[in-house]
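Everything below concerns the one structure shown next.
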Amino acid sequence: MTDTTKKPVEKLDALILGAGFAGLAMLHKMQNKLGMKARVLDKAGGVGGTWYWNRYPGARSDTESWVYCYSFDPALYREWKWTERYPRQAEILAYLEHVADRFDLRRNIRLNALVTSAHWNERSQRWDIETSDGDRFAARYFITGLGLLSAANKPLFPGEETFRGRVLHTGNWPTTPVDFTGKRVGVIGNGSTGVQVVVETSKVAGHLVLFQRTPQYSVPARNHPVDPAFLDGIADNLEAYFDRVRRSATVFAFEEARQGAMEVSADEREAVYEKAWQDGGGFNFMFGTFSDIATNRESNATAADFIRRKIAAVISDPEKREIMTPTDLYARRPLCDNHFYEAIDRENVSVVDVRKAPIVGFTENGIRTADGEIALDYVIFATGFDAVTGNFVRIDIRGRDGLKLRDHWAQGPRAFLGLSAAGFPNMFSLYGPPGPFTNQPPAIEWQAEWVSEAIRYMEEHGLSTMEATREAEQGWLDECIRIEAMTLFGKLDWWVSGANIPGKAKAVSFYMGGFGAYMKHAEACAENGYSGYALAGAQAAAAE
């Protein structure tokens, strides 16, 4: 008997999850380049991806605006004039909204659509996808642009329901402004988001308390207005400029270092660090000074010592200075800031070391630590995300024989090139794990082009499925593990390994070999008839 209560199924060539940088780029390729019937679904009320949700005070990119964007259309690049070196959330969101309008993408975007399940249907050779509202789709290709930093992580503390103030999370910020003027504000967390919140909120708060577990190494951003003529100069030679950017390791605009820190004298090393400190930029400092800061402990120690001395020169209060000075490796995602340590040095800012005085829970009036109660009007969780896999495992994704993605990834993510998991045919994940650790938009755009060309190849050759082999998937994971072992990034517990989520398996989630090397792997795969993939359909059958 047919269930008449269910909504009719909409058949699509491709269903794309997420309306951020990845989803919009992929929709443009499918809709405007391949002429296919595609639809984007997003649970948000607007386009923008992470930039729709992250509206907290001080939110901005820590990548230069002129490479934090698309490059597929010279006219788009020339007409959109970024105003700052490091663009604010509102400017990035406006840019993505402009892209959606300019390329007529909105007609195939459905917002406020929370996908709850996506199951591979062996009989129809399609993905059956459903939303929380009961909308149903059947798509040949299932493409995710979920983002690695979008599933908010909010630790649970007892008594939160009794707190008479307001609790906020940076990853799910209200669309209406929040006024902290004269208020008592607590900030939990001091990653890149926490740093930005503290800088901005400390300017107006009556008193701000930073609850910190691990002190960070951060360097100045040196933000400044962007000259439109500079952007026009890039536009004049756009393809070559972005090809150079993409073939670097980090996909930033700066010149990456080729010399090790211990290959020069102490005086020369100090001068290089000082110039980078004055130029600004976190990735610039880690990868633009010396080539081995992320791989050599001795070299890493020289960079860490330089930053510690800079912190000491800014923070005058001895107690604050001790709490804020990192002592471990300089081997987390490199941060940059707009006067963070100066904000910490303000009289209206206090810092609690939660390693020595852990948070016990909320009270009616604020937060209680092991040292006592701290009265607060607002508590801001800047605790980041269930990174990398969080958004994937929250959806009931099932491949062949009912294989659940959350089970397939129980011990960590595994997918060939970070794009395709074995057992999940015709499913591609833009900037999925374990994929490159880089500036995202140019890398995402390149992957979207790669996926669209793979789909074109399938269509032209009459293929029904394209699926990563288990051998290719394992080989890629082994390569990611091998390369990470050569770096210092895996020596610390932080979000890239899942260490920030209790009970989550620690795993290698990124390819640390650089995007230029990643491109060579993916290009070789395509040039060799998509080696590493099992292809099935009319052409494959004929070959047999």
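The values are calculated or read from the model by the stated rules, or taken from the named source; none is laboratory data. Since the model is a prediction, treat every value here as computed from it, not as a measurement. Cβ atoms come from the backbone with ideal geometry, glycine included; neighbour counts cover every protein chain shown. Side chains included, ligands, DNA and RNA excluded: accessible areas come from the protein's heavy atoms. Shrake-Rupley method; radii C 1.70, N 1.55, O 1.52, S 1.80 Å.
Extension gain Ala357-Asp478, at 0.36 nm per residue separation less the Cα-Cα distance, in nm?
Working: separation 121, 0.36 × 121 = 43.56 nm, distance 4.02 nm.
Length difference between fully extended and current span is 39.5 nm.
At a 10 angstrom cut-off on C-beta neighbours, averaged per residue, how do the peptides 227-233, 135-141 rank from highest to lowest?
Descending packing order for the listed peptides: 135-141, 227-233.
With contacts defined as alpha carbon pairs under 8 Å and 6 or more residues apart, what's the relative contact order of the chain in percent?
Details: 1129 pairs, mean separation 103.8, N = 544.
Relative contact order of the chain: 19 percent.
Calculate, for Arg258 and Arg333, the FRET efficiency according to 1/(1 + (r/R0)^6) with r their C-beta to C-beta distance and R0 22 Å; round to the nearest 0.05.
Once the sixth-power term is evaluated, E becomes 0.45.
In sequence order, what are the phi-derived ³J(HN,Hα) couplings for segment 238-243 according to the Karplus relation 6.51 cos²θ - 1.76 cosθ + 1.60 with θ = phi - 60°, rounded to whole Hz, with x for glycine and proline?
Taking θ as phi minus 60°, the curve returns 4, 4, 5, 4, 6, 5 Hz for segment 238-243.
Could you give each residue of segment 127-138 its phi-based ³J(HN,Hα) in whole Hz, using Karplus coefficients 6.51, -1.76, 1.60 with θ = phi - 60°, and x for Gly or Pro?
So the J values, rounded to whole Hz, are 8, 8, 10, 10, 10, 5, 8, x, 5, 10, 9, 10.
Run the accessible area of the chain with a 1.4 Å probe and give the carbon-and-sulfur part as a rounded percent. Let's see the in-between values first.
Details: 10760 of 22070 Å².
Whole-percent figure for carbon plus sulfur exposure: 49.
List the residues, sorted by chain then number, that are 5 or more residues from Thr116 or on another chain and whose placed amide H is less than 5 Å from its amide H.
Residues meeting the amide H criterion: Glu130, Thr131, Ser132.
If R0 is 56 Å, what FRET efficiency do you get for Lys491 and Thr5 from their C-beta distance, rounded to 0.05?
0.55
Under the classification rounded if a/c is under 1.5, otherwise prolate if a/b is larger than b/c and oblate if not, where does segment 81-132 fall, given a ≥ b ≥ c as square roots of the Cα gyration tensor eigenvalues?
Prolate shape, in that a/c is at least 1.5 and a/b is the bigger ratio.
Efficiency by 1/(1 + (r/R0)^6): what FRET value for Glu319 and Glu270, r their Cβ-Cβ distance, R0 = 22 Å, to the nearest 0.05?
Using R0 = 22 Å, I get an efficiency of 0.20.
Could you compute how much accessible surface Trp51 exposes when probed at 1.4 Å, giving the result in Å² to the nearest 10?
30
If you build the Cα gyration tensor of segment 127-208 and take the root of 5 times each eigenvalue, what three semi-axes come out, in whole angstrom, biggest first?
36, 16, 13
Given points 7 Å out from each Cα along the Cα-Cβ axis, report the Ala517 to Ala90 separation in nanometres with one decimal.
For Ala517 paired with Ala90, the spin-label model returns 4.2 nm.
Write down the accessible area per residue of the chain in Å², having rolled a 1.4 Å probe over the full set of protein chains.
Computed with neighbouring chains in place, this is 41 Å² per residue.
Could you order peptides 287-294, 184-191, 23-30 by the average number of other Cβ atoms within 10 Å of their residues, highest first?
Working: 287-294: 21.8, 184-191: 24.6, 23-30: 26.9.
Final packing ranking: 23-30, 184-191, 287-294.
Using every Cα-Cα pair within segment 157-264, state what percent have a distance larger than 25 Å.
Values: 2937 of 5778 pairs.
Summing the P(r) of segment 157-264 above 25 Å gives 51 percent of all pairs.
Run the Debye formula on the Cα coordinates of the chain, all scatterers equal and no solvent, and tell me log10 I(q)/I(0) at q = 0.08, 0.12, 0.13 1/Å.
With one equal scatterer per Cα and no solvent, log10 I(q)/I(0) is -0.54, -1.22, -1.41.
Report the percentage of all Cα-Cα pairs in segment 231-306 whose separation exceeds 17 Å, rounded to a whole percent.
Result: 48 percent of Cα pairs exceed 17 Å.
Report the paramagnetic label zone for Leu403: residues of segment 99-130 whose backbone N is under 15 Å from a point 7 Å from Cα along the Cα-to-Cβ axis.
119-122
Please state the shape class of segment 289-394: rounded when a/c is under 1.5, otherwise prolate if a/b exceeds b/c and oblate if not, all from the C-alpha gyration tensor. Walk me through the intermediate numbers first.
On the way: a/c = 2.28, a/b = 1.31, b/c = 1.74.
Oblate is the answer for segment 289-394, as a/c is 1.5 or above yet b/c matches or exceeds a/b.
I'd like the Karplus ³J(HN,Hα) series for segment 34-42: coefficients 6.51, -1.76, 1.60, θ = phi - 60°, whole numbers in Hz, and an x wherever there's a Gly or Pro.
For segment 34-42, the Karplus curve yields 8, x, 9, 7, 10, 9, 9, 10, 8 Hz.
With a/c under 1.5 counting as rounded, go ahead and sort segment 1-137 into rounded, prolate or oblate using the C-alpha gyration tensor (a ≥ b ≥ c being the square roots of the eigenvalues; past the cut-off, prolate if a/b is larger than b/c, else oblate).
Prolate is the answer for segment 1-137, as a/c is 1.5 or above and a/b outweighs b/c.
Calculate for the chain the 222 nm mean residue ellipticity that helices alone would give, adding -39,500 (n - 2.57) per DSSP H run of length 4 or more and normalising by residue count, nearest 500 deg cm²/dmol.
Using -39500 (n - 2.57) per qualifying helix, the result is -9000 deg cm²/dmol.
From Cα pairs below 8 angstrom and at least 6 apart in sequence, can you work out the relative contact order of segment 346-476, rounded to a whole percent?
Relative contact order, segment 346-476: 18 percent.
I need to check one value: relative contact order of segment 121-245, counting alpha carbon pairs closer than 8 Å and at least 6 residues apart, in percent.
For segment 121-245, the relative contact order is 14 percent.
How many percent of the alpha carbon pairs in segment 370-454 exceed a separation of 22 Å?
Of all Cα-Cα pairs in segment 370-454, 41 percent lie more than 22 Å apart.
In debye, nearest 20, what is the charge dipole magnitude of the chain about its Cα centre with +1 on Lys and Arg Cβ and -1 on Asp and Glu Cβ, if you could check?
Dipole magnitude for the chain comes out near 1180 debye.
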